[in-house]
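A short worksheet on the structure shown next.
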Amino acid sequence: MAEPAVPHATHQVPAHIAIIMDGNGRWAQQRGLPRIEGHRRGVETVRRIIDATREFGVRMLTLYAFSAENWRRPQDEVGALMRLLELYLKRELKTFVKNRIQLRTIGRTHELPPGAQRQLARTIKATRDFSDYTLTLALNYGSRSEVVDAAHSYAAALAAGEISPSDRSWESFSRHLYTGDLPDPDLVIRTSGETRLSNFLLLQAAYAEFVFTPVLWPDFGRDDLAQAIAEYSRRERRYGKTSAQCGGSDEQ
Ligand code: FPP
């Protein structure tokens with residue numbers, strides 16, 4: 001039987017979805033278009049998926065928009081991606097405010113071009129009091145550099161006496177990650193058929209469910225998202241416990 005186009009009332013909707021938006025380049029190449037056209041269509045998908053997640057009751061969405069490794073792409077593609085980001089933020093500000101969407105970023109955003117940084121700062125400031133829905137853009141993000149930055153910040157806090165040397169809890173350390181107080185993702189989706197994490201939220205996704213779909217990001221729609229949520233809701237999240245402890249029938 002085909003999956004419903006909207007998550008059914010019995011489906012458990014993940015509070016936080018993180019997405020590796022992949023396949024823009026292939027989408028464009030398949031049509032004989034320049035790669036940047038795929039990224040432009042990818043921005044339309046971003047709008048569509050924000051709307052769909054809000055409709056389905058998801059509270060947080062994290063998008064891998066530019067990885068720390070993406071600087072290795074041809075300069076014109078990097079420049080075009082940065083301009084797209086700036087334009088997207090300019091155009092979307094009113095919608096974020098109207099829909100009470102808080103924008104956050106994770107990653108070394110201080111290394112982004114000044115125009116993109118200005119637009120990010122403006123949007124973050126204008127939306128910082130909203131709590132209905134949080135959109136986090138991973139920009140110049142990589143989990144490994146995040147751990148290095150967190151270790152520096154943690155060591156400084158230890159040296160300043162803000163953390164007790166006997167405190168070895170994950171809770172204390174994880175506050176120094178870029179994600180800080182953001183809850184871990186429940187579901188990580190990667191489009192385009194690739195089944196890698198590519199340095200994305202490696203620590204935060206420790207207990208996440210993963211859905212890999214062959215659909216290219218520009219083609220990813222509301223129904224694909226509903227299917228991913230239906231798949232998530234069939235999974236049993238055990239956090240190290242047994243199935244029986246979690247209310248399942250399987251004693252293993
Ligand atoms: C991966 O596709 C996608 C990216 C590296 C960039 C994602 C960017 C967008 C969706 C647009 C900008 C986003 C915002 C939020 C304004 P790829 O180019 O690696 O595709 P390929 O693997 O088919 O080549």
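Highest mobility in the GNM of the chain, judged by mean-square fluctuation with C-alpha springs under 10 Å and restricted to GLU162, GLU231, GLU194, is found for GLU162.
Between ASP223 and ALA15, the FRET efficiency estimated from the beta carbon spacing at R0 = 22 angstrom works out to 0.55.
For segment 1-94, the equivalent ellipsoid derived from the alpha-carbon gyration tensor has semi-axes of 28, 16, 13 Å in decreasing order. Mean residue ellipticity at 222 nm, helices only, the chain: -13000 deg cm²/dmol; runs of at least 4 DSSP H residues each add -39,500 (n - 2.57), and the sum is divided by the number of residues. Close amide H pairs (under 5 Å, H built 1.01 Å from N) link ILE19 with THR62, LEU63, TYR64, ILE189, residues at least 5 positions away or on another chain. What relative contact order, as a whole-number percentage, does segment 79-234 give when Cα pairs under 8 Å and 6 or more residues apart are counted? This gives 18 percent for segment 79-234. For segment 163-232, the ratio of Cα radius of gyration to the globular rule of thumb 2.2 N^0.38 Å stands at 1.42.
Accessible area per residue for the chain, computed on protein heavy atoms with a 1.4 Å probe, is 53 Å². Average 1/r across all pairs of distinct alpha carbons in the chain, invert it, and you get the Kirkwood radius: 19.5 Å. Near THR191: Cβ cut-off under 10 Å, other residues only, Lys/Arg at +1 and Asp/Glu at -1. The net charge is -3.
For the chain, modelled as a GNM whose springs connect Cα atoms under 10 angstrom apart, the maximal fluctuation among LEU87, LEU137, LEU225 occurs at LEU87.
In segment 77-226, inverting the average of 1/r over every pair of distinct C-alpha atoms gives 17.5 Å as the Kirkwood radius.
Build a GNM of the chain with springs between Cα atoms under 10 Å: which of SER164, SER198, SER131 gets the top mean-square fluctuation? Comparing SER164, SER198, SER131 in a Gaussian network model of the chain, the most mobile one is SER164.
The number of Lys pairs in the chain with C-alpha atoms less than 19 Å apart, excluding pairs fewer than 8 positions apart on the same chain, is 4.
The values are calculated or read from the model by the stated rules, or taken from the named source; none is laboratory data. Because the structure is a prediction, the values reported are computed rather than measured. Don't worry about glycine lacking a Cβ; one is built from the backbone with ideal geometry, like all the others, and counts go over all protein chains shown. For accessibility, only protein heavy atoms count, side chains too; no ligands or nucleic acids. Shrake-Rupley method; radii C 1.70, N 1.55, O 1.52, S 1.80 Å.
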